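Accompanying notes for the structure given below.
The values are calculated or read from the model by the stated rules, or taken from the named source; none is laboratory data. Computed from a prediction, not measured in an experiment: that's the story for all the values here. In this analysis, Cβ positions are derived from the backbone assuming ideal geometry, glycine residues included, and neighbour counts consider all displayed protein chains.
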């Protein structure tokens, strides 16, 4: 890496894009939201509400009910009643019809939902509109199709639902994670008590409206809002048959400890520190795009983000130059602006955590690069960041930062790349970039991660199972594998 | 750079990735003053083109008049960059356009097929330059390229460049015949190393003509050569860019691929005939708030 760069491109052009914002009015928000239990919106027993704010303006968007133990108990009771009384007895094709109906209403209200998601969570409208919402609808459509075909999914075996599923979801893809959890649970005949993250409850509450509109039998889906203690009440409730959690590894470990000794089923989808491996024979300009999508998608608040870049030494200089140039064109700012590429960091706490890592990385001796993009005055912002010359032992290469921060390392041989990629406590995803098919198969087979993308990154589809190894959790969501997480599967003739 | 080095350096291209990058450009929302600026910039980058067997001197004169006087009610407008004609029309065009800054471009080298003896193609080039063409749009021998005779393609470009003298050379790759994006990249690399001042997608006589995918691959070739060697080469997508919306998307792609320096008619051109009127119509709409009938914009 000795050659000096001389011919720099400049992207701070005279021709700038004027703001092109969606109107926040499109979110059509209420002043306050209650808990959704047994098909109705009900006030919290303790009478407590908390504010949900916009991370891009710090304005309060709405008051949201805080569910305590008693509310969770009500929700579980409603879910149990619905499970025993209607949902598990319903013809599977009828369950499918409800899911199709929910999917269609989501599509009809997708603009409202996208704007709400960007307001409440800070992600750019381009992503909530073009990625989150289409995926949300497709998850419901996909699982609607499975509802009456489960015997085909598990040929030669018998399946039955588990009962009441307690589900806890994170703030990075609020509505999409709700869809990932609710759709398979319902398709397989379970009922649900779900808790959205306290910083992003609004789209889940709109989903409650949609569920009402779709006339789903009361109690099949219950949505309880609140913070950690609400989640804990779900996990500890004795009448819950299964816990599905997506979130931090730390909380995941806690949940697993809590469930030890119980017969509750558990799936965990936790953190990650994925390596994106770029070989010298890769199509570099397209690899750069994949690296950008891998780490700057959703401000890097992605558990499967490609937060480590492993680049072959022979092309490191060229690739980093191209990456820096591409970063120079990224627009950071108002999540509702259609031209925004990187929105607001989801919360002040998360911003603080990311900023902490920026200090750590520099202290460890990695070379920091940030673009000189302008940032709005109010709100939580972090410019896209590279750490060059990171080493395997740096904390920025080992720990999940969950922000738009990429640790760049080099390697010389295929084996070294594989070793470095796997040398992490996590194992959620990985990326391989090469023009050689044989190398792509060789490397991707050896990356210990639930998803490995080749010559692309961060591609999601409801038909494709998603989940981790090691500290990234266990269990799969999506595809036939994802159904299994909500079913008792027994050999034909065997006992349950 | 030797041809073997050029070919060895030509990178693989992933067409799926290219299509995804292009899709990102098309989601940029260009409104208000940024739209007005883009419309005017696009107008100034047009090579107003007539390349038909039925062209007459009168037709070329009318086109040149239009190039100089785009719209009577909008005096602040830029002019187009050039008028692009067959070699036989160069004299007439030059006469009409003298002293007004609009360049005369001639398609030479047995446009559009290039299927002719190289000596004839060079003689045609020299003739066009002698008649006053300031820019030469040549075609490469696609048959030779597809047969793997890259040396021939490289040599013909070098020879035509020499015949051009002071005139600027645009090398038409005819990407619609090259089939793959990797071929487009390879042809771009060969053309740039052989001395092209501009690389150009298409003749307009073959479908598909310019596409955003092909143009992106060519822009990235230009970027790589600039960053490796400092050489500055221009880009001209031609054919199929028929309205303002498409043109603005190309400008977004240009801005985000090559940046500030290339946002000028000196380094980027649109080869188009109907684009100018649509841009004018949009400019009027931006300033007056209403669309005028197409009858208010002259046909020439």
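Filtered by the rule that a residue be free of Cβ contacts under 8 Å to residues at least 60 places away in the same chain and more than 10 Å from chain A (Cβ to nearest Cβ), region B:1-40 gives B:2, B:4, B:5, B:8. Look at (1) at negative phi; (2) in contact with a helix residue (DSSP H, G or I) (Cβ under 7 Å, 6 or more places away or on another chain); (3) away from chain B (no Cβ under 14 Å) and you find that residue A:56 fails only one, number (2). Screening residue B:73 with (1) at pLDDT 95 or above; (2) more than 10 Å from every other protein chain (Cβ to nearest Cβ) gives one miss only, at (1). Residues that are surrounded by 17 or more Cβ atoms within 10 Å (Cβ to Cβ), out of contact with any strand residue (DSSP E or B) (no Cβ under 8 Å at 6 or more places or on another chain), at negative phi and at the interface with another protein chain (Cβ under 10 Å from one of its Cβ atoms) do occur in region B:41-48.
Against the conditions (1) surrounded by fewer than 24 Cβ atoms within 10 Å (Cβ to Cβ); (2) under 14 Å from the mean Cα position of the chain (by Cα); (3) not in a helix (DSSP H, G or I), residue A:148 satisfies every one except (2).
Here residue B:241 qualifies as surrounded by 20 or more Cβ atoms within 10 Å (Cβ to Cβ), within 24 Å of residue B:280 (Cβ to Cβ), away from chain A (no Cβ under 14 Å) and under 15 Å from the mean Cα position of the chain (by Cα). Look at (1) at pLDDT 95 or above; (2) over 30 Å from residue A:279 (Cβ atoms) and you find that residue A:496 fails only one, number (1). In the set (1) more than 14 Å from chain B (Cβ to nearest Cβ); (2) more than 27 Å from residue A:470 (Cβ to Cβ), residue A:419 fails one condition alone, (2). Among the numbered conditions (1) free of Cβ contacts under 8 Å to residues at least 24 places away in the same chain; (2) closer than 30 Å to residue B:149 by Cβ; (3) within 14 Å of another protein chain (Cβ to nearest Cβ); (4) within 23 Å of the chain's Cα centre (by Cα), the only one that residue B:53 does not meet is (3).
The requirement of being closer than 16 Å to residue A:297 by Cα and part of a helix (DSSP H, G or I) is satisfied by residue A:126. Looking at B:264, B:257, B:203, just one residue is under 16 Å from the mean Cα position of the chain (by Cα) and crowded, with 21+ Cβ neighbours inside 10 Å, and that residue is B:203.
For region A:30-61, a residue qualifies if it is more than 22 Å from residue A:299 (Cβ to Cβ) and touching a residue at least 40 places away in the same chain (Cβ under 8 Å), and the qualifying residues are A:33, A:35, A:36, A:37, A:38, A:39, A:40, A:41, A:50.
Taking region B:166-186 as the range and being under 17 Å from residue B:121 (Cβ atoms) and either touching a helix residue (DSSP H, G or I) at 6+ places or on another chain (Cβ under 6 Å) or in a helix (DSSP H, G or I) (or both) as the test, the residues that pass are B:167, B:169, B:171, B:173, B:174. Taking first residues from region B:109-128 that are at positive phi and partners that are outside any helix (DSSP H, G or I) and surrounded by fewer than 17 Cβ atoms within 10 Å (Cβ to Cβ), the Cβ contacts under 7 Å between residues at least 6 apart in sequence or on separate chains come to B:110/B:116.
Among helices (runs of 4 or more DSSP H) entirely within region A:206-324, having at least 2 residues that are in contact with a helix residue (DSSP H, G or I) (Cβ under 7 Å, 6 or more places away or on another chain) and away from chain B (no Cβ under 14 Å) singles out A:228-236, A:249-259.
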